[in-house]
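Single-structure report; data block below.
The values are calculated or read from the model by the stated rules, or taken from the named source; none is laboratory data. Predicted, not measured: the structure shown is a model, and the values here were computed from it. Here the Cβ positions follow ideal geometry from the backbone for every residue, glycine too, while neighbour counts run over all protein chains shown. Side chains are part of the model used for accessible areas, which takes the heavy atoms of the whole protein and leaves out ligands, DNA and RNA. Shrake-Rupley method; radii C 1.70, N 1.55, O 1.52, S 1.80 Å.
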Amino acid sequence: TTILVVDDEPAIRMGLAATIGRYGYSVITAVNCNDGILKARQSLPDLIVSDVMMPAVNGFEMKKQMSTDPLLASIPFIFLTARTATEDRVAGLRDGADDYVTKPFVTEELMARIEAVLRRVHAEQSRGREQAKQAALMEMDKLRKEILQNFRHEVRTPLGNVAMSLEMAVNHKYENPQEQAEFIRIALS
């Protein structure tokens with residue numbers, strides 16, 4: 001599982017990377033939102049933990065930009081911010097954040113939130129895979145039925161012609177056995 005950490009403060013970025021790495025995750029870091037988008041495209045992380053307040057483009061804007069890219073839109077986000085006002089948290093969640101953690105944070109809480117988001121995402125992916133599998137099985141069953149129906153038709157038509165020819169040969173009494181043999185040869189070719 002890969003987590004992308006986006007924060008413009010080197011000490012926070014390095015501390016987050018080390019902490020998350022100790023929990024067994026692969027960590028990639030980005031120094032700002034533009035770098036974050038670039039690194040997300042390169043590595044397609046399972047989760048992004050991003051600061052909100054950064055120079056130039058803030059974390060909310062980064063999430064908005066990523067949500068327009070089909071490759072990046074489904075990557076879950078946890079925003080980190082020193083802003084504790086309820087309206088800031090609500091804005092973050094409305095802008096597509098999967099969770100919102102205020103600074104300073106307790107490491108155990110952050111890791112519990114990361115694990116919860118990843119569990120939820122993996123459960124959704126499993127449900128999606130199961131639904132896709134069921135749809136594929138239904139499509140295969142439909143195709144199998146179509147093939148069998150066409151196969152029966154394709155086999156029945158030539159066999160019907162052979163049976164009809166043989167019936168005619170048996171029921172039509174040829175006086176000359178060579179004429180009967182010639183009729184059968186023509187009928188079967």
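Residues to consider are Ile3, Ile75; find the one that is open to solvent by less than 20 Å² (accessible area, probe 1.4 Å), part of a loop (DSSP other than H, G, I, E, B) and in contact with an Asp or Glu (Cβ under 8 Å, 6 or more places away or on another chain). Spell out the reasoning first.
On the way: Ile3 fails: part of a loop (DSSP other than H, G, I, E, B).
Selected residue: Ile75, the only one of Ile3, Ile75 that is open to solvent by less than 20 Å² (accessible area, probe 1.4 Å), part of a loop (DSSP other than H, G, I, E, B) and in contact with an Asp or Glu (Cβ under 8 Å, 6 or more places away or on another chain).
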Check: Restricting attention to segment 33-72, which residues are closer than 21 Å to Arg120 by Cβ, hydrophobic (A, V, I, L, M, F, W, C) and not in a helix (DSSP H, G or I)?
Finding: Leu44, Leu47, Ile48, Val49, Leu71, Leu72
Next item on the list: Report the residue count in segment 19-32 for those that are under 17 Å from Pro45 (Cβ atoms) and not in a strand (DSSP E or B).
Entry: 8
Item checked: Selected residue (criterion: most open to solvent (accessible area, probe 1.4 Å)) from residues of segment 92-107 that are hydrophobic (A, V, I, L, M, F, W, C), closer than 18 Å to Ile48 by Cβ and modelled with pLDDT of 65 or more -> Phe105
Next item on the list: Return yes when Ala17 is closer than 16 Å to Lys103 by Cα and of a type in the set (Gly, Ala, Ser) and no when it is not.
Entry: yes
